[in-house]
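The structure appears right after this line, and notes come after that.
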Amino acid sequence: MRIAPSLVALAAFAAAGCEGRAVEIDHPFYLMYIEDPSEVALFRCPGEPGIGCAIDGLPGPRVIEAGADERFVVAAQRPQADPAGPIRYYYFARVPEETSGWGRNPERIVGPLDADQFAAAKARLGLPDFRVRR
């Protein structure tokens, strides 16, 4: 039986507790790491951080900044293989089910985008600014 890496990460995080590892972007989305502070990912925590969190399909690891408004969530990520490489950008529209039952209506993540593609999407859609940096 194969266990999904995201479930392992979720279990490890729940067992470890937050201990200052979570930074709220806009509930239920948080930037968090499990063990290594350089391995920050975007988590969805319907309750409080550290309880029932999920990462399935969300950007990570090495997310360096994120932001949100009532319509969208944005994230910027350093490449794992080349930390000095170009930043990759992601965004997705928020869904009404984001605090429960999101599996029936998952977010549709757009990315990775380069800086120019992200700037064009930001101008066209009115994407939010990055507010949280790690």
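The values are calculated or read from the model by the stated rules, or taken from the named source; none is laboratory data. From a predicted model like this one, the values you see are computed outputs, not experimental measurements. Cβ: placed from backbone, ideal geometry, glycine included. Neighbour counts: every protein chain shown.
Could you figure out which of (1) free of Cβ contacts under 8 Å to residues at least 60 places away in the same chain; (2) surrounded by fewer than 16 Cβ atoms within 10 Å (Cβ to Cβ); (3) more than 22 Å from ARG21 (Cβ to Cβ); (4) out of contact with any helix residue (DSSP H, G or I) (no Cβ under 7 Å at 6 or more places or on another chain) isn't true of ASP129?
Among (1) free of Cβ contacts under 8 Å to residues at least 60 places away in the same chain; (2) surrounded by fewer than 16 Cβ atoms within 10 Å (Cβ to Cβ); (3) more than 22 Å from ARG21 (Cβ to Cβ); (4) out of contact with any helix residue (DSSP H, G or I) (no Cβ under 7 Å at 6 or more places or on another chain), ASP129 violates only (1).
Return yes or no: is GLU65 acidic (Asp, Glu), modelled with pLDDT of 90 or more, farther than 20 Å from GLY126 by Cβ and assigned to a strand (DSSP E or B)?
Here the answer is no, as GLU65 does not meet what is asked.
Would you confirm whether any residue within the stretch 28-51 is more than 17 Å from TRP102 (Cβ to Cβ), at pLDDT below 90, of a type in the set (A, V, I, L, M) and under 15 Å from the mean Cα position of the chain (by Cα)?
yes
So, in the stretch 22-55, of the ones that are over 19 Å from VAL74 (Cβ atoms) and acidic (Asp, Glu), which residue ends up surrounded by the most Cβ atoms within 10 Å (Cβ to Cβ)?
GLU39
I need a count of the residues in the stretch 98-125 that are assigned to a loop (DSSP other than H, G, I, E, B) and under 16 Å from the mean Cα position of the chain (by Cα).
So the count comes out to 6.
Can you tell me which residue in the stretch 61-91 is surrounded by the most Cβ atoms within 10 Å (Cβ to Cβ), limited to those that are among the aromatic types (Phe, Trp, Tyr) and under 13 Å from ARG108 (Cα atoms)?
Here the residue is TYR91.
Looking at this structure, is LEU58 at pLDDT below 85 and either surrounded by fewer than 17 Cβ atoms within 10 Å (Cβ to Cβ) or of a type in the set (Val, Ile, Thr) (or both)?
Here the answer is no, as LEU58 does not meet what is asked.
Return yes when PHE92 is touching a helix residue (DSSP H, G or I) at 6+ places or on another chain (Cβ under 8 Å), at pLDDT 90 or above and within 17 Å of TYR30 (Cβ to Cβ) and no when it is not.
Answer is no for this residue.
If GLU98 meets every condition in (1) within 18 Å of ARG133 (Cβ to Cβ); (2) charged (D, E, K, R); (3) touching a residue at least 60 places away in the same chain (Cβ under 8 Å) apart from one, which number is that one?
Condition (1) is where GLU98 drops out.
Any chance the stretch 75-91 includes a residue that's in contact with a Lys or Arg (Cβ under 8 Å, 6 or more places away or on another chain), within 22 Å of ARG21 (Cβ to Cβ), part of a strand (DSSP E or B) and not hydroxyl-bearing (Ser, Thr, Tyr)?
Yes, the conditions are met somewhere in the stretch 75-91.
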